[in-house]
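Novice: I'd like to ask some things about the structure below.
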Amino acid sequence: MTAAPDPLFIETGDRRLFALYHPATDTARGSILMLPPFAEEMNMSRRMTYLTGRALAEAGYGFLSLDLTGTGDSSGDFADARWETWQEDARAAIDWLGEKTGHVPGLLGLRAGALLAAGLQTAAPLILWQPVGNGETMLNQFLRIRIAAALTGNAEKESTKDLRAMWDAGNSVEVAGYEIDSALAAALDTLRLADMPPQSGTPVTWVETGSEERGPSPASQRIIDAWSEKGVSVETRLCAGDPFWTIQETTVAPAMIEAALNALQTP
């Protein structure tokens, strides 16, 4: 029987990071740290994250899901978030999980969590779920939420250029309740997954929704090809499933969990 997950806080610097730990059902054969997506996508992925932790725990892996600084139940507000701080958060969680299980943690990065996972440059296995390939593009898509909301209300019309000018002036921009500091925006704008290949020899599994016949999206394939040119071997797995990270209703994609399990259990 799978044990209930343990809620806990990881201390790093002056911050307390909330995490949920699913202990392996038996002696741990490995461990996995899940790095979450950006802003509201994280909340929409809560159910999927929980089910993933339970499934991996049943398969013998200690599983830790993390709320980064300024998100969830961790300390700070979203306006306090910085990319460098999130990197420190992830490293603190890696250290905690490694000490807890006796295994160097693999990383499961969902959406923007894939950017964070790849940037850590660990040699441990990487499982990337529907990775965000370009931080600037992700931010532009996020800004359109505010632009669309203004069109349906009485707010003054804005453009992506207008909102980015606020960041350029050193101001924060609020989108759907998330206050994004200019420093975080500037850091995200520089992130290109194609330019962040893992260390050669790092096991990488790229998972996205779709069909095996069609293969990865063209944007994903360009990143995979760029990594391959750097000597990184990437296994791609296409599976059925809805984009749970964008859907308000509780939605899951069991095939993505199965793909992660297969990746871990394949020699």
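Novice: Test of understanding: among Ala219, Ala263, Ala194, Ala255, which residue is more than 22 Å from Ile32 (Cβ to Cβ), over 17 Å from the mean Cα position of the chain (by Cα) and of a type in the set (A, V, I, L, M, F, W, C)?
Specialist: Numbers: Ala263 fails: more than 22 Å from Ile32 (Cβ to Cβ); Ala194 fails: over 17 Å from the mean Cα position of the chain (by Cα); Ala255 fails: more than 22 Å from Ile32 (Cβ to Cβ).
On inspection, the qualifying residue turns out to be Ala219.
Novice: Right, next: Is it the case that some residue within segment 14-36 is without any contact (Cβ under 8 Å) to a residue 24 or more places away in the chain and crowded, with 22+ Cβ neighbours inside 10 Å?
Specialist: Within segment 14-36, none of the residues are without any contact (Cβ under 8 Å) to a residue 24 or more places away in the chain and crowded, with 22+ Cβ neighbours inside 10 Å.
Novice: If a residue counts only when it is touching a helix residue (DSSP H, G or I) at 6+ places or on another chain (Cβ under 7 Å) and under 30 Å from Ala57 (Cα atoms), which strands (runs of 3 or more DSSP E) contained entirely in segment 152-267 have at least 1 such residues?
Specialist: 204-209, 234-239
Novice: Restricting to segment 50-82, name every residue that is in contact with a Pro (Cβ under 9 Å, 6 or more places away or on another chain) and touching a residue at least 60 places away in the same chain (Cβ under 8 Å). I'd like the intermediate steps shown before the answer.
Specialist: Looking only at segment 50-82, we keep the residues that are in contact with a Pro (Cβ under 9 Å, 6 or more places away or on another chain), and these are 50-51, 53-55, 57, 62-68, 71-73.
Within segment 50-82, Leu51, Ala55 meet the criteria.
Novice: Can you list residue pairs whose Cβ atoms sit under 6 Å apart, with the first residue in segment 213-226 being in contact (Cβ under 8 Å) with a residue 60 or more places away in the chain and the second being open to solvent by less than 70 Å² (accessible area, probe 1.4 Å) and hydrophobic (A, V, I, L, M, F, W, C)? Count only pairs 6 or more apart in sequence or on different chains.
Specialist: Filtered contacts from segment 213-226: Ile223/Leu193; Ile223/Ala194.
Novice: Oh, and also: Determine which single condition Thr85 fails, assuming it passes every other condition in (1) out of contact with any Pro (no Cβ under 8 Å at 6 or more places or on another chain); (2) open to solvent by 30 Å² or more (accessible area, probe 1.4 Å); (3) of a type in the set (S, T, N, Q).
Specialist: For Thr85, the failing item is (2).
Novice: Leu64 passes all but one of (1) farther than 15 Å from Ala117 by Cα; (2) touching a Leu at 6+ places or on another chain (Cβ under 9 Å); (3) not acidic (Asp, Glu); which number fails?
Specialist: It is condition (1) that Leu64 fails.
The values are calculated or read from the model by the stated rules, or taken from the named source; none is laboratory data. Since the structure is predicted, the reported quantities are computational estimates derived from the model, not experimental observations. Cβ sites come from the backbone with ideal geometry, for glycine too, and all protein chains shown count toward neighbours. What goes into the accessible areas is simple: the full protein's heavy atoms, side chains included, and nothing from ligands, DNA or RNA. Shrake-Rupley method; radii C 1.70, N 1.55, O 1.52, S 1.80 Å.
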